[in-house]
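Structure, as structure tokens:
Bear in mind that the values in this text are calculations on the coordinates, not laboratory data. Remember, predicted model here, so these are calculated numbers, not experimental data. Don't worry about glycine lacking a Cβ; one is built from the backbone with ideal geometry, like all the others, and counts go over all protein chains shown.
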Amino acid sequence: MPDGTKRSDIEIGQLVEIVQKRDQGSGELTEGFVKRILTNSATHPHGIKVMLASKEVGRVKNILPE
């Protein structure tokens, strides 16, 4: 299962779980649909940074099946 560290695995409109900056300590995940991909590089060890449709920003931890 893709883990969100490769930009090529993430598509606009996809359902994902992200960890927001303020939740990095607790590891709390936020679920939502990708609105924008914010990371420019092809990969990132902590997850690709995205903005959800709900305007929350964080790094993708899980890509959820539709």
(request) Could you grab the relative contact order for the chain? Cα pairs under 8 Å, six or more apart, rounded to a whole percent. (result) 43
(request) Just add up the charged neighbours of Lys61: K/R +1, D/E -1, any other residue whose Cβ is under 11 Å from the Cβ of Lys61. (result) -4
(message) What translational diffusion coefficient, to the nearest whole µm²/s, does the chain have by Stokes-Einstein, given a Kirkwood radius computed over alpha-carbon pairs, a temperature of 20 °C and 1.002 mPa s viscosity?
(response) 190
(request) Run the dipole for the chain about the Cα centre, Lys and Arg Cβ at +1, Asp and Glu Cβ at -1, nothing else charged, and hand back the magnitude in debye, nearest 20. (result) 360
